[in-house]
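The values are calculated or read from the model by the stated rules, or taken from the named source; none is laboratory data. Source: prediction; values computed, not measured. FYI the Cβ positions are ideal-geometry reconstructions off the backbone, even for glycines, and counts take in every protein chain you see.
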Amino acid sequence: MNPSAGERGTGHARRVLVTGGAGFVGSHLVRALAARGDRVTIVDDLSTGRRGNVAPEAEFIECSVADALSRLGGGPRFDEVYHLAASVGVDLVMRDPIGAIETNIEQTAALLRFVAAEGSGPVLITSSSEVYGKATRRVFSEDDDVTLGPTSVTRWSYACTKAIDEYLALGHHGAGSARCVIVRLFNTVGPGQVGEYGMVLPRFVRAAMRGEPLRVFGDGTQSRCFCDVRDSVRALPALLADPACHGRVFNLGSDVPVTIRELAELVRRVLGSSSEVVLVPYDKAYPAGYEDLQFRRPDLARVREAIGFEAAIGLERTIVDIAAALERQAIGGARA
Ligand SMILES: NC(=O)c1ccc[n+]([C@@H]2O[C@H](COP(=O)([O-])OP(=O)(O)OC[C@H]3O[C@@H](n4cnc5c(N)ncnc54)[C@H](O)[C@@H]3O)[C@@H](O)[C@H]2O)c1
């Protein structure tokens, strides 16, 4: 396998492929890559992504990953590939299980076959903390066992698809057909994220800005660790650039837990909102049989050791920036 342009030190701009580059994390990643001088090609079918997220300096192919790859095959070689396209989140999987499962597995399989056939540079696959399933540990390390619920509970299919993606990537890596890095993102938040797909923080921020109640599901004692997307996307190219990281799985996120109830109160305080916080029983928020997790906190020792990762942006700044982005969006929407 050929080294990337960066490794060769040719001085040429890297050619980089980002699938899902019109999505939340992808659009921040594309901006970071373009800022370091990369020539970025985005493939996105805009199923959850937005045209307004597409960086003007990037080439944009609007279609599914599999369809785009059949067009890109035989063309110039990509020095780096970031695969973020997916049907994201448990909500989406619950609403359209077949579509989401097929997308997450088939598009990743197609992408990896493309990388292998084209001899592309290293590929980063975004996986999810969901892979850890329903284990009751407080802190999750990459080599921990995966504990999923029964197949009759649709929720677990998202975790399963992401686990299959990991197996596929590690399979290619082991076979020598692709150099792969797997990144399990924990809750990633920031400007540009929308609340429609069940993402709790933008949902709270939007409600607080409108003076509407902040709906906390369950008793609100469940905790998560929220990492600003701008911190997360700094880490992705660093992991891909280091050959010592290839063939490995990394947790990525923040390891500072906050309960969902505390999060709601923080949003109210930071935005000076008069919204009330209301508790909504799970059976009113989710379909019957929904299982939530009490804790989800990453062990970050591996990513710290590999690239010295530390999150730098605090949750308060993230909340302010999400609110500002929603305001800009509303103004843009009103003008359009
Ligand atoms: N945001 C998080 O907290 C989080 C947590 C864990 C894992 N992840 C992973 O990070 C990646 C990016 O997530 P995100 O939060 O930016 O979600 P997102 O929905 O904003 O981005 C996904 C993008 O993929 C595109 N897409 C979906 N199916 C496609 C297909 N078949 N072909 C082409 N494009 C397609 C969508 O249009 C969207 O732009 C995903 O792989 C997700 O599983 C995100």
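Quick check on the range 32-58: of everything there that is in contact (Cβ under 8 Å) with a residue 60 or more places away in the chain and more than 12 Å from the ligand (Cβ to nearest atom), which residue is surrounded by the fewest Cβ atoms within 10 Å (Cβ to Cβ)? Selected residue: R36.
Taking (1) within 21 Å of R297 (Cβ to Cβ); (2) surrounded by fewer than 19 Cβ atoms within 10 Å (Cβ to Cβ); (3) of a type in the set (A, V, I, L, M) in turn, V270 satisfies each apart from (1). Can V93 be described as at pLDDT below 95, of a type in the set (A, V, I, L, M, F, W, C), more than 8 Å from the ligand (Cβ to nearest atom) and farther than 29 Å from P243 by Cα? For V93, the condition - at pLDDT below 95, of a type in the set (A, V, I, L, M, F, W, C), more than 8 Å from the ligand (Cβ to nearest atom) and farther than 29 Å from P243 by Cα - is met. Scanning the range 97-124 for residues that are more than 11 Å from the ligand (Cβ to nearest atom), under 20 Å from the mean Cα position of the chain (by Cα) and not in a helix (DSSP H, G or I) yields P122, V123.
Applying the set (1) touching a residue at least 40 places away in the same chain (Cβ under 8 Å); (2) more than 18 Å from T108 (Cα to Cα); (3) more than 7 Å from the ligand (Cβ to nearest atom) to V81 leaves exactly one unmet item: (2). Of the residues in the range 171-180, none is within 16 Å of the ligand (Cβ to nearest atom) and surrounded by fewer than 22 Cβ atoms within 10 Å (Cβ to Cβ).
Candidates are the residues of the range 59-75 that are under 20 Å from the mean Cα position of the chain (by Cα) and assigned to a helix (DSSP H, G or I); the one that is farthest from the ligand (Cβ to nearest atom) is A66.
The rows are residues; the columns are (1) out of contact with any Phe, Trp or Tyr (no Cβ under 7 Å at 6 or more places or on another chain); (2) touching a residue at least 24 places away in the same chain (Cβ under 8 Å); (3) within 16 Å of the ligand (Cβ to nearest atom).
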{"residue": "V189", "(1), (2), (3)": "no, yes, yes"}
{"residue": "G192", "(1), (2), (3)": "no, yes, yes"}
{"residue": "G218", "(1), (2), (3)": "no, yes, no"}
{"residue": "C225", "(1), (2), (3)": "no, yes, yes"}
{"residue": "D231", "(1), (2), (3)": "yes, yes, yes"}
{"residue": "P237", "(1), (2), (3)": "yes, yes, yes"}
{"residue": "A244", "(1), (2), (3)": "yes, yes, no"}
{"residue": "E276", "(1), (2), (3)": "yes, yes, no"}
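When you look at F78, is it in the same structural domain as S157 (by TED's automatic domain parsing), more than 18 Å from the chain's Cα centre (by Cα) and not in a loop (DSSP other than H, G, I, E, B), yes or no? For F78, the condition - in the same structural domain as S157 (by TED's automatic domain parsing), more than 18 Å from the chain's Cα centre (by Cα) and not in a loop (DSSP other than H, G, I, E, B) - is not met. Among the residues in the range 125-147, are any assigned to a helix (DSSP H, G or I) and in contact with a Ser or Thr (Cβ under 6 Å, 6 or more places away or on another chain)? No, because not a single residue in the range 125-147 is assigned to a helix (DSSP H, G or I) and in contact with a Ser or Thr (Cβ under 6 Å, 6 or more places away or on another chain).
To keep it simple, each residue is scored yes or no on (1) part of a helix (DSSP H, G or I); (2) more than 30 Å from T147 (Cα to Cα).
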position	(1), (2)
L263	yes, no
V278	no, yes
Y290	no, no
L293	no, no
V303	yes, no
T318	yes, yes
D321	yes, yes
A325	yes, yes
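Would a scan of the range 197-209 turn up a residue that is away from the ligand (no atom under 14 Å from the Cβ), assigned to a loop (DSSP other than H, G, I, E, B) and closer than 17 Å to Y290 by Cβ? No - not one qualifying residue is present in the range 197-209.
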